[in-house]
Every structure is written in C-alpha cells, then in structure tokens.
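See below for the structure under consideration.
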C-alpha cells in the first residue's frame, strides 16, 4: 500500500496539532474569561448589596431607605436589576420599583454570620439572573433585635452578551492564528524538506549523466544519507567499470584467438583446403560480430523514470545513412528521408545512433533498390523504415522475437541485431513492431517517448 507523501504527513500532523491546540486554548481562555466576568459581576452585586444595606433606615419601624439607589434601573419596571428587603419577624417587605409586584425568594438558608450567599435564579421576567443576599440583625427602635433578609438580583443578560461577544472574537482571532500557524508550518516543512529536494535533483543529475556524485552543502541531519548514496554510487561505478573492463578483456582474449583461427584458415587455404578455410573464416567473422554487439550492448544506458533527453531525429538518421552510403550495398540504394527538422525523440543520442544503425543496416542488407525512412503522424508519432526487399512471412516476423535466430542462412550476420534493437527500445519504454512494407519488403515501426510527428 502506497504511503502518503512525507510533506503531506507532516503538514497533516502539524495542522491537526495546531487545531487541537487552538480548541484547547480557546476552551480554556473562554472559561477563564467567563469565570472572570462572572466574578466581577458578582463582586459588583456584593457592592450594590453593601450599598443597599447602608441605605436601610434602621431607626424607623417601616422598611425604607434613607435615599434611592443610585442606579436608575431600580426605578424601571422589569429592568433586570432588583432589590428586596424582608423583615423575617413581621414578614413585611420593601422592594425596588423595578420588581413591581413580584417577590424574590432568598437563595436558600442564609449564613447567620451575615456573609453574602449567591445563586443563579430566574428573575420575574423569566430571564436567567444571579441573586446575592445577606441575613442581618439590627437593634429594633423599641428595643430587642430585628432580623432582615436583603436581596439584590440582576439578570445575566449583559454577562451572557459579554461572553458571547468575547467567544465570537476569540473564535475569529484563533482561526486567524491557526491559519498563520498552518502557513508557518507549511513554510517550516518546505524549508525542512528542501535538502531532500536537493538530493532528488542530485540523484536525477546522476541518472542523466550530468554528475557522478551528490555534491553541495547539506544539513548535518541528512549528511549520513548523502554519504551512503555517494558510497553506493562509488560502488556501482566501480562495479560497472570492473564489469566493462572484464568484458573488454574477455573480448580482447577472444579476438586474439579468432585472429589465430584466421591465420590457421589462411594456412588451410594455402594447403588447398579451401572449404574448411571458408567455414572457419565465416565462423570467426560471426563470432567477432557477436563480440562487438555484446560490447555495444554493455554500453547501453539503463533508462530510469527521471531520465529526460531531447535528441533531434533527422540529423541522426542522416548521419547513419551517410555512413552506410560508404559501403557497397548502401551507395547502390535510393534513400528517402521524410522527417521534419523539428522532430525530437526522448532518447540518449548514443542509444539512438545504435538503434538506427542496427535497423538501417538490416534494411541495407535486404533492400533491392530503395529504403524509405519517415515519420507517421499517428498517436504520438511513429518512425517507420520500409525497404523493397523480399519481405517476410507472418511466421518469419514471429521468429524475429527469438534472440540470435537468422531469417536467411545465406545472408551474412549473427542474427542478434534485431535483439539489440529490442533491448534499446525496451530500456527506453518504447515499442518495436514489424510488418509487410508498402514497398514489398519489411516495414519496421518504432515508437519512443517524446516522439511526435
């Protein structure tokens, strides 16, 4: 199962952490603010309760204040702010005008020491409110004592409105902060992963042949990776060089022995054994060709997904044809090239030259008078090579897939040229097909990445 990209995983993790932190912080801040506002609200009620107690005229038997409470809302009916004084002994009650004809119930049993008690209630207008009350004992005018219950109640409308407004502002500000933090996390992740992008570009440069090692300045955290990659590249380069050297040494040794066989063939020819000499010479020629082709195959570039090339097609075709025209067979043919100058192919130049050399040499070998090379404007573009040779049957075309098989034993060659062409096309994610030519011979169709008519 394919794992998400590291950048995406880091961004998702950072975003989730930021959102979670914002939610926790928002809840904590909103709770702290609500508690602070409510404490201030209750402290204000206590202050008003103390002011109300101070205004009670204790020298009169009737419950009354020496002067009105300073807040005008006490004079407005159902304003949300109320006071009430009740004589516990007589049951007489005095209330603010705002209370109208309603009666406030004290918040449960009041402390005997006169400390205030506070609870949440519903005011006469059925709105949530907070009430605070005290139980006080005064000296009665006629002697004895007088117990009074003093209550102040205020609706929490302003308190709730303040909390709601603060929460709205808090959500808005935390959303902005979260967005800034997510953006900062994206910048941090991008900058943090930039060395990996540098490594990726370096590896791509190594694949394309522009560089042999990962060079540049890297953070200490990724230097072990860079060193391991460079060590791997060095090992690979050493292994390839060793393999090529061994292949070259092997080819040199084989060609030395083939030269000895050719000398022996000449001796046989001088001795009159012409048939044996010709057999040996033909065999040594084929073995030499096989060695040369195998050496060419060992030099082919193994293409990777990141390799991108742009090689002009027509100049390479013309160059190969010019080379073949120097041969007796090539100069006797009529060559036709119908390829635009702007056509390019996504293929290494050396590989393209090897591919064209194999296929055009094959056409030269079998053509009678004419070979046509053209680009066909189909799906993505196709390079076609047509000759007017004897052509192949369907069974013979199928045999072209068999490595080293020759279609005509009377023609010189090793039979591995087509196999090498297939190797080149396969290494470069292309396709190679064969069919009857409109000229009567063989038609070869090549499709390669980036090819367009």
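Please determine whether any residue of the stretch 1-9 is over 30 Å from residue 144 (Cβ atoms), at pLDDT below 90, under 60 Å from the mean Cα position of the chain (by Cα) and surrounded by 15 or more Cβ atoms within 10 Å (Cβ to Cβ). Yes; the residues of the stretch 1-9 include at least one that is over 30 Å from residue 144 (Cβ atoms), at pLDDT below 90, under 60 Å from the mean Cα position of the chain (by Cα) and surrounded by 15 or more Cβ atoms within 10 Å (Cβ to Cβ). Filtering 205, 245, 241, 231 for residues that are closer than 21 Å to residue 351 by Cα and either at pLDDT 80 or above or surrounded by 15 or more Cβ atoms within 10 Å (Cβ to Cβ) (or both) leaves a single hit, 205.
For the stretch 431-444, taking the residues that are within 15 Å of residue 383 (Cβ to Cβ) and touching a residue at least 40 places away in the same chain (Cβ under 8 Å), the one that is surrounded by the most Cβ atoms within 10 Å (Cβ to Cβ) is identified as 442.
Look at (1) at pLDDT 85 or above; (2) surrounded by fewer than 17 Cβ atoms within 10 Å (Cβ to Cβ); (3) more than 22 Å from residue 365 (Cα to Cα) and you find that residue 269 fails only one, number (1).
Just wondering, is there one or more residues in the stretch 370-380 that are closer than 21 Å to residue 428 by Cα, at pLDDT below 90 and in a strand (DSSP E or B)? The answer is yes; a qualifying residue exists. Looking across the stretch 28-44, just one residue is farther than 30 Å from residue 133 by Cβ and loosely packed, with under 12 Cβ neighbours inside 10 Å, and that is 28.
The values are calculated or read from the model by the stated rules, or taken from the named source; none is laboratory data. Values in this document were obtained by computation on a predicted structure and should not be read as measured data. Glycine also receives a Cβ, built like all others from the backbone with ideal geometry; neighbour counts cover every protein chain displayed.
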